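Here's the structure we're looking at; comments come further down.
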Amino acid sequence: MDMDRMVFFFFFQAEDGIRDAQESRGLGDVYKRQYQRRVRGKMRATTWIAVILLLSATEAAPKRWVSFWYAPAANDLNQTIDVLTRNKDAVSSVMLYCGHSVSGTGKLVGSVSPLCVGPGGIVPALRALGIAVEFVVNDGSTNVTAHKLFMKDPSSVDQLLVIGKANGLSGWNLDLEPQTVPGTAADAAVYAAFCKRLRAVLNPAGIRLTIDVASWSGMLSQFSELADGVDRLMDMETYNADSMDGWLQGDSYGGYYTKFVTSDVPRVANGVGLGSWPTAACGSHPCWTTTAASVAPRISRMIQDGVPELAMFRLYGDQSRGTPPDQRWPEDFWWPALRAFLAGNSSQL
């Protein structure tokens, strides 16, 4: 059967014309329209429209996303803007540590750093480059008790919405790592309920919600429960490992990719974190994941599995070309690979 020549007829109901016809203008528009579709549900029958579509067997793959975490610092801000300018086609969004964190008493504290929004800051630079802007809620306290106080406080949702709208954000990333007390599955239920409430107000404003997860935490390892309330889970445990098998199956240094992507989490919720710091050590030697040879097989596997987002930890240090590689995160060999991921083309690796 010649799929390239097949003609399919689709009939659907429309109300007041065809909606959402224009292309997305950015990440915020994507999540705003997704929310509108969820709320609208089935459209009432007012007009039947017949649409003839010619479908090709080589239909384009779903949109992929490359995000970075970045904590702006005066000593690397200009160099980071420069490297993003040179590689803007390989970056979809940057998640910024701009000063917001959860205190030991469970309060959202901090204000937006001038390095983020001031003259010459990273936010106006990202907007000029067409890169989406997201903020991070950091771990001022690594105690799960403080996290739960924050999650149960009704004002937390309102604060994040107000800050997000005031700064024109495309997303919030919650980096709440209960390292002092790892948390439990019961704590995950509290987190999931909070995320559902938060997402319900963020998405209509065009703001997505992502959270950082890992299997070392009883709270953060409940992937399926947490995925139900967010737009994306960002797996921190896949940053590093000491071999391809270790990265897939897990070793003493991280990995567990297979566990994450073959869980009952919807594929659209899978965000796989990759560590870009060249100084990561596995015992007495650099981790395999720090090498150029590790990049192609991992990204090829992600393309094969249909992973929608690659999250890089992180932009850091003097990004100018004349500095030693261990002061440039990521190293130069990453950029062509990130372009290949966005293109969904393993042959470019």
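The values are calculated or read from the model by the stated rules, or taken from the named source; none is laboratory data. Since the model is a prediction, treat every value here as computed from it, not as a measurement. With ideal geometry, Cβ positions are generated from the backbone for all residues, glycine too; neighbour counts draw on all protein chains shown. Accessible surface is based on the protein model in full, side chains and every heavy atom, while ligands, DNA and RNA are left aside. Shrake-Rupley method; radii C 1.70, N 1.55, O 1.52, S 1.80 Å.
Some values worked out for this structure:
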| quantity | calculated |
| --- | --- |
| For the stretch 260-330: rounded, prolate or oblate by the Cα gyration tensor [a/c cutoff 1.5] | prolate |
| Ordering of 268-278, 337-347 by packing [mean C-beta count within 10 Å, highest first] | 268-278, 337-347 |
| Extension gain, ASN78 back to TRP335 (0.36 nm per residue minus Cα-Cα distance, nm) | 90.7 nm |
| Percent accessible area from carbon and sulfur atoms, the stretch 88-242, protein chains only, probe 1.4 Å | 56 |
| Mean separation of Cα contacts under 8 Å (6+ apart) over length of the stretch 63-103, as relative contact order % | 62 |
| Pair LYS152, ALA128: separation of 7 Å Cα→Cβ label points (nm) | 4.7 |
| Tensor-based shape of the stretch 88-137 (alpha-carbon gyration tensor, a/c under 1.5 rounded, otherwise prolate or oblate) | oblate |
| Computed lengthening from THR323 to GLN179, 0.36 nm per intervening residue step minus Cα-Cα distance | 48.5 nm |
| Restraint check, LYS88/LYS259; LYS63/LYS196; LYS148/LYS259; LYS107/LYS165; LYS107/LYS259; LYS107/LYS152, Cα-Cα greater than 22 Å | LYS88/LYS259; LYS63/LYS196; LYS148/LYS259; LYS107/LYS259 |
| Spin-label zone in the stretch 243-283 - amide nitrogen under 20 Å from a point set 7 Å from the Cα of ALA293 along the C-beta vector | 243-255, 275-283 |
| Cα gyration tensor category, rounded, prolate or oblate, for the stretch 144-206 with a/c compared to 1.5 | prolate |
| Proximal charge balance of TRP288 [Cβ under 12 Å; K/R count +1, D/E count -1] | -2 |
| FRET efficiency estimate (nearest 0.05) - Cβ-Cβ, VAL268 to SER346, R0 30 angstrom | 0.90 |
| The stretch 271-344 - percent relative contact order, Cα under 8 Å, separation 6 or more | 39 |
| Fully extended contour minus Cα-Cα distance, from HIS285 to ARG86, at 0.36 nm per residue | 68.5 nm |
| Most to least packed among 290-303, 167-180 [average Cβ atoms within 10 Å] | 167-180, 290-303 |
| Distance in nm between pseudo-label sites at GLN304 and SER111 (7 Å out along the Cβ direction from Cα) | 5.2 |
| Local net charge near ASP139, Cβ-Cβ under 13 Å (Lys/Arg +1, Asp/Glu -1) | -3 |
| Neighbour net charge for ASP235 - beta-carbon separation under 11 angstrom, K R +1, D E -1 | -1 |
